[in-house]
Amino acid sequence: MKSRYIFSGLAVAGLAYGFFLAASHPPDQLQLEFVRISHVHVASAWVAFLAFGVTMIAGLAWLATKRFVMDHIAAASAELGVFFTGLALLTGMIWGDAVWGRAWDWGDARMASTALMFFVYIGYLALRRSILDPEIRARRASILGAVAALQVPLVYFSVTLWRTLHPTPSIRPDDVTMPTGQLVAMLTNLAAFTLVYVVFTTWRTRQISTEAILEARDASELAPAGRTIEPPTLGPAT
Amino acid sequence: MSFWGQVRELVKKDLRTEGRSGEVFLVTIPFGVLALFLIPLALPNDQDLLRSIGGGMFWVVLLLFGMTLTFRHSESGAQRMLIAMLGVDPVARFAARVISSTALLLAFSAILVPTVVVLYQPVAPPGWPQLSLVVLLVCLGLAAIGGLAGEVTAGLQNRTVLAPLLVAPLSVPLLVPAAQAANSLSSEGSILVPALITLFTVLGVIVIGVLTARSLEEASR
């Protein structure tokens, strides 16, 4: 319980410090003040990739172990992945409108593939909502989660596979093409967003597990149909 | 009965059931052709515009209407249960579903091509044999993705809405290289790279379908 509050506090503090750094570094020569949007955009996209990777791994772990907590982690992670993908798309469109002069460009492979990934995981969540039986839901969702995760590397490498408008990665193992102030703000935000993801996934997983326990208890307490129907009792003969 | 014997019998059963119900030939295919009629009505009367979008329309209609064909209702829940209880290999059932859907999708394409040519008059790309190969790969890939989505959504009340939501974004790795291949042929370029991307996508989906067939059958009981 105590560690939960410590992690939540760290996430809030990290987020606040990340935003402070993002707001305080000098503007970029090309992107001007709009460069600050990229700190939220990149961190959201990173967390979305992480979340969908966790969904796949937790789903496969469910298939291997049949421990329902794995399925609950997969579900929680997918929900957060969809939220952060939406945030990455939105901030990308705001940035694109300011820097490219248009919010959406079909020449940008990363944008189109991210939007598709968003819809695939909307479908994943819709599938989970459609199935009541926990075991069938977990089995089908884990398989879909594994298939859907194949898109993640495609989205990530789309900027190098196709000629596209989207900027290529500024942080590579061999080179960093970013001023130090921006780099520190970017890395701080990446860490803070990751922490936020971990905290929310833990909360949501616990919530889903509690819901599952309550549903199972309700189901076991429900009387089978017919039990309440009793034969009429005849009154005493007069 | 051998694996391929099971596949052969199931394909025959699938196509015979389809022949009797007419779901694909009387509903899905006419609806797809109707869509090709409706699109020009919503656009300005500009033959150059129609000529330029004709090829793209073919792929979009094949994808959108073809996917509804791949999870057609002709295999009822009772049939699925019976086949499972007979001890039919789930992989054979998946393979049969993919083969029968591919055959129906090829028939659909054979009707769509002349319709697009007549209505949109697109510039015919040279190298029809290569393009036919790409169409075959797209049909095979779409059949495999549709087969997977059909299994994942089997027995669900909202299946007719949910399955397209799953198939449409997952089939984009087929649509984009297929359209690129057609464009490359028009500009007399090579279709090797888009054809290879399509081929790897198809193989990837088939491998996933084979690996998950047993789990999905257990989940749909």
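The figures follow:
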{"quantity": "Chain B: angle of helix B:192-219 to the longest principal axis, Cα-based, in degrees nearest 10", "calculated": "20"}
{"quantity": "Tensor-based shape of the range B:3-219 (alpha-carbon gyration tensor, a/c under 1.5 rounded, otherwise prolate or oblate)", "calculated": "prolate"}
{"quantity": "Mean ellipticity per residue at 222 nm, deg cm²/dmol - from DSSP H runs of n ≥ 4 across chain B, formula -39500 (n - 2.57)", "calculated": "-27500 deg cm²/dmol"}
{"quantity": "Cα-based helix-to-principal-axis angle, A:134-148 vs chain A, degrees rounded to 10", "calculated": "20"}
{"quantity": "Cα centroid separation - the range A:40-99 against the range B:96-130, whole Å", "calculated": "38"}
{"quantity": "For chain A, calculated [θ]222 nm from helices alone, where every DSSP H run of n ≥ 4 adds -39500 (n - 2.57)", "calculated": "-26000 deg cm²/dmol"}
{"quantity": "Shielding of A:147-154 by partner chains, average beta-carbon count, 10 Å", "calculated": "3"}
{"quantity": "Selected from A:V99, A:G9, A:A88, residue furthest toward positive end of dipole (the range A:1-138; charges at beta carbon)", "calculated": "A:G9"}
{"quantity": "Pair B:V117, A:L30: separation of 7 Å Cα→Cβ label points (nm)", "calculated": "4.7"}
{"quantity": "Cβ crowding within 10 Å averaged over residues, with B:115-125, B:196-206 ranked highest first", "calculated": "B:196-206, B:115-125"}
{"quantity": "Nearest 10 degrees, 0 to 90: helix A:2-24 Cα axis against chain A principal axis", "calculated": "30"}
{"quantity": "Reachable aspartates and glutamates, given that their alpha-carbon falls under 19 Å from the alpha-carbon of B:K13 and they are not under 8 places away in the same chain", "calculated": "B:E23, B:E75, B:D89, B:E151, B:E217"}
{"quantity": "Cα-centre dipole for the range B:3-219 with unit charges at Cβ (Lys and Arg positive, Asp and Glu negative), debye to 20", "calculated": "420"}
{"quantity": "Intensity falloff of the range A:58-147 expressed as log10 I(q)/I(0), Debye formula with alpha-carbon point scatterers, at q = 0.11, 0.17, 0.21 Å⁻¹", "calculated": "-0.39, -0.72, -0.92"}
{"quantity": "Prolate/oblate/rounded call for the protein assembly as shown, Cα gyration tensor, a/c under 1.5 rounded", "calculated": "oblate"}
{"quantity": "Peptide A:119-128 - average C-beta neighbours from other chains (10 Å radius)", "calculated": "5"}
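Just so you know, all these numbers are worked out from the coordinates, no wet-lab data involved. Everything quoted here is computed from the prediction, not taken from an experiment. Note: ideal-geometry Cβ built from the backbone for every residue, glycine included; neighbour counts use all protein chains shown.
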